[in-house]
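Below is one structure, written out as structure tokens, with a few remarks after it.
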Amino acid sequence: MSASSLVKIAKHGNVAVLTVNNPPVNTLSIKVREDTHTALDEMARWPDVKAVVLICEGRTFISGADINEFAGPPQEVPYRQMFARIEQLPVPVVAAMHGTVMGGGLEISLACHYRVAAPSTRFSFPEVTLGIIPGAGGTQRMPRLIGVEKTLDMVLNAKPVDAKTAVDWGFIDALIDGDLKEGALRFAEKLVADGKGPRRTSERSVDPSTCTAAILDRMNALAAKLYPNRVAPYTAIKAVRASLDLPLAKGLEYETELANESKATPESKGSIHAFFAERETRKIPDLPADTQARPVKVAGVIGAGTMGGGIAICFANAGIPVTVLDASDEGLKRGMAGIDKTYESMVKRGRITAEEKAQRLALITPSLKYEDLKSADVIIEAVFEDMKLKQDVFRKLDAVAKPNAVLGTNTSTLDINEIAKVTKRPADVIGLHFFSPANVMPLLEVVRTDTTGPAVIKTVMELAKPLRKTPVLARVCYGFIGNRMMEGYAREAGRMTLEGATPREVDSALQKFGMAMGMLAVFDMAGVDVGVKVHQANAAQYPPDPTYYQSDFALYEAGRLGQKTGKGYYRYEPGDRTPQDDPEAIAILRERGKKLGLEPRKHTEQEIVERCIYPLMNEAIRILEEGIAIRASDVDVVWTAGYGFPRYRGGPLYYADQIGLKTLLDGMLKYQKIFGPMHWQPAKLLVELVQKGMSIADWERSRRPGK
Ligand SMILES: NC(=O)c1ccc[n+]([C@@H]2O[C@H](COP(=O)([O-])OP(=O)(O)OC[C@H]3O[C@@H](n4cnc5c(N)ncnc54)[C@H](O)[C@@H]3O)[C@@H](O)[C@H]2O)c1
């Protein structure tokens, strides 16, 4: 066993302990698999081993497969053989687990003969969310332990199962309080003392009562509900279903066949692109290599409204004390009550304990005085969207904030250069655009001004980690990356309702495409008035199109502001956020359309999707061309993490490459013929790339230094 081995083996009496140590999360990399074989070779030379414990160092048991391998060539050390070798050992093998045990980590434990776990351990099969299926025995071994129904529950929901449930379901034999290794050794010694031998999962059969037609129907319905347009969930159902009839060896072969099929699908490639895209966003090519992030130990938030409250919660959840300042006592009280309510609902849903709620609330200090912000390392402004007001806040901040404090603004539309200018420290000012609800949405658009300093950029990109955000760096422009792309997408969604499409027709076509929500339901959720006010305030910046966002204006004028007034594009029952079709809204929209000279007509789903998605992708290309985003995959992350674009399609720019830039250009020109060039002007870069026969990925490769 070499010193660099990631798997160590040691003897404790008659028990051999295999310890995996592959930080940070013990992925089952090729090297771990190789080293496991080496360790097993060595163990084979020990004559008196009566039991084996498989355990991991660090924060978790094997967390899963190494996802880097999905993108590369076929694996050199196959999982299946290695797991079979463990399963065939002649002495009982105990997996001792802690942390987050996912996918391949869970599958290796199923090849062991017994499983014990720390009470806080969580188990999951997340594969279908990546467009693939458990491919290392999970679909065949798990049903032998807990049946088809529960296995599919895990595979389709892809959510963690806690350790207690795992014991109830029967795939964990015992929970170990206290020291896991000691407990696992005692467990193994008892097996030996009781004369228990190997208990191979492969030798068990699946309980047929867990795989009735009714159960399979329910699972197919669940797959249809959770994953519209997707293949992987159905492939997973097929694989798990097969465990009922096939002996393990045959079942594993079938699973491999299906797993390979699923890896080749566009949905798996798109999902894996989205996964890697999120890892790239922190790489900022122009930051000097020696740039140091500033420590953030204390935070401040100005404005205790919707966003300020959510941002304060993010800090408190990260264990960072935060002072929340508002202009009025009333605003502050309302804000603190909102924060309390959010935590209370987390307690009710079992997400945190009442004690954790109290601890987190204790980190949030309300204040009316700017002096209370003087020890903050980061201060984020989230007052009303008004330039004069924000500049005034930044002047005050400039006066009290300590040197080197990062001064962030959560503005959605304002020019942050103009905000930075009013301070004597423009290098410390940066946009920190959270999304609503700020404590839930994973995206953080970080907006650098012309003057933001490298250390400030580095600080906030690092700060995103404890705040549990995916940061994407953008430059200043109207709407930054996300909202700028939203403009055309939302414009067309609304405009089609003036042309006779019902809100339901528009939204359901978009949802069928894979958007998490329909655009018009989003308008209702955010408030129809929000968009209208932004348009009123920025009228001069918008194109001279008489139909422009007129659906919003028509509803606004009729007092239909969305969910908060119980009616907008849809109607809402009190206390229920489900959008209901509303003939009154449809009539208002058609009436406005008629006034604008638009005759009602039928829209196909294809037209709806194209008219929304093409401008979205076209604008994304402009954003890339102008250098507002660093890379195409960053744009993809903004829309997958912040706007509900389907991850399995990779993101708008990845998707543009998949359908082909020529298709996009032809589509833009097709609608230009119908609606004119005002909104349907193809991006220059799009035209250029189509002429050269290049994709966006080709273009990015061509610009890389040393290509
Ligand atoms: N709501 C969203 O979905 C969303 C999303 C992203 C960004 N934003 C941006 O975040 C900012 C805040 O939006 P919101 O929705 O939270 O607004 P909000 O109206 O809910 O809250 C604003 C808060 O700021 C307080 N305030 C006003 N003037 C102040 C001052 N001078 N000093 C201290 N506090 C003051 C108000 O009392 C209020 O509590 C805006 O710039 C908005 O564009 C909003």
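The values are calculated or read from the model by the stated rules, or taken from the named source; none is laboratory data. This one's a predicted model, so the numbers in the text were calculated from it and none came from an experiment. As a convention, Cβ positions derive from the backbone with ideal geometry for all residues, glycine included, and neighbour counts pool all protein chains shown. Keep in mind that these areas ignore ligands, DNA and RNA; they rest on the heavy atoms of the full protein, side chains included. Shrake-Rupley method; radii C 1.70, N 1.55, O 1.52, S 1.80 Å.
The portion of the accessible surface of region 215-333 made up by carbon and sulfur, rounded to a whole percent, is 58 (1.4 Å probe; DNA, RNA and ligands excluded).
Taking all Cα pairs closer than 8 Å and separated by 6 or more residues, the relative contact order of region 362-419 comes to 43 percent.
Taken over region 246-365, the convex hull of the Cα atoms encloses 227 Å³ per residue.
With K and R counted +1 and D and E -1, the other residues having a Cβ less than 10 Å from that of residue 498 yield a net charge of +3. Taking every C-alpha pair closer than 8 Å and separated by at least 6 residues, the mean separation divided by the residue count of the chain gives a relative contact order of 9 percent. With just the Cα atoms defining each centre, how far is region 458-526 from region 120-156? Give it in Å. Centre-to-centre distance over Cα atoms comes out at 32 Å. Protein heavy-atom accessible surface, 1.4 Å probe, per residue over region 260-317: 44 Å².
Where does region 302-403 land on Rg(C-alpha)/(2.2 N^0.38 Å)? Ratio of Cα Rg to 2.2 N^0.38 Å: 1.09.
Probe of 1.4 angstrom, ligands and nucleic acids ignored: what's the accessible area per residue over region 623-707, in square angstrom?
On the way: 3860 Å² over 85 residues.
On a per-residue basis, 45 Å².
Within region 570-707, all pairs of alpha-carbon atoms sorted by distance into 5 Å bins from zero give the percentages 2, 9, 15, 17, 16, 12, 11, 9, 5, 2, 1, 0, 0. Only one residue of 111, 156, 258 has its Cα farthest out toward the positive end of the dipole of the chain, where Lys and Arg carry +1 and Asp and Glu -1 on Cβ, and that residue is 111. Taking the Cα centre of region 342-444 as origin and assigning +1 to Lys and Arg Cβ atoms and -1 to Asp and Glu Cβ atoms, the resulting dipole is close to 140 debye.
For the Cα trace of region 79-130, dividing Rg by the Kirkwood Rh returns an Rg/Rh value of 1.01. Counting only protein heavy atoms and a probe of 1.4 Å, the accessible surface of region 601-647 is 50% carbon and sulfur. Calculated [222 nm] ellipticity per residue, helices only, for the chain: -15000 deg cm²/dmol; basis is -39500 (n - 2.57) per DSSP H run with n ≥ 4, divided by all residues, nearest 500. The slack in the chain from residue 344 to residue 581, taken as 0.36 nm per residue of separation less the alpha-carbon distance, amounts to 82.1 nm. So for region 174-289, Kirkwood radius off the Cα pairs, Stokes-Einstein at 37 °C and 0.692 mPa s: how many µm² s⁻¹? The calculation lands on 174 µm²/s.
Taking the Cα centre of the chain as origin and assigning +1 to Lys and Arg Cβ atoms and -1 to Asp and Glu Cβ atoms, the resulting dipole is close to 380 debye. Residue 477 exposes around 20 Å² of accessible area when a 1.4 Å probe is run over every protein chain in place.
Over all distinct Cα-Cα pairs of region 133-237, the Kirkwood formula returns a hydrodynamic radius of 15.7 Å.
Spatially, region 347-426 and region 637-657 are offset by 30 Å when compared through their Cα centroids.
Region 262-292 and region 159-201 have Cα centres lying 38 Å from one another. For region 330-388, the Cα gyration tensor yields ellipsoid semi-axes of 26, 15, 11 Å (square root of five times each eigenvalue, largest first, whole Å).
Normalised by 2.2 N^0.38 Å, with N the number of residues, the alpha-carbon radius of gyration of the chain equals 1.05. Under a model in which nothing but the beta-carbon of Lys, Arg (+1) and Asp, Glu (-1) is charged, region 562-707 shows a dipole of about 260 debye around its Cα centre.
For residue 27, the residues whose modelled amide H falls within less than 5 Å of its own, excluding neighbours fewer than 5 places apart on the same chain, are 63. Here's the picture: charge each Lys and Arg Cβ at +1 and each Asp and Glu Cβ at -1 in the chain, and of 102, 319, 412 the one pushed furthest to the positive end of that dipole is 319. Based on the Stokes-Einstein relation at 4 °C and a viscosity of 1.567 mPa s, and on the Kirkwood radius from alpha carbon pairs, region 1-127 is assigned a translational diffusion coefficient of 89 µm²/s.
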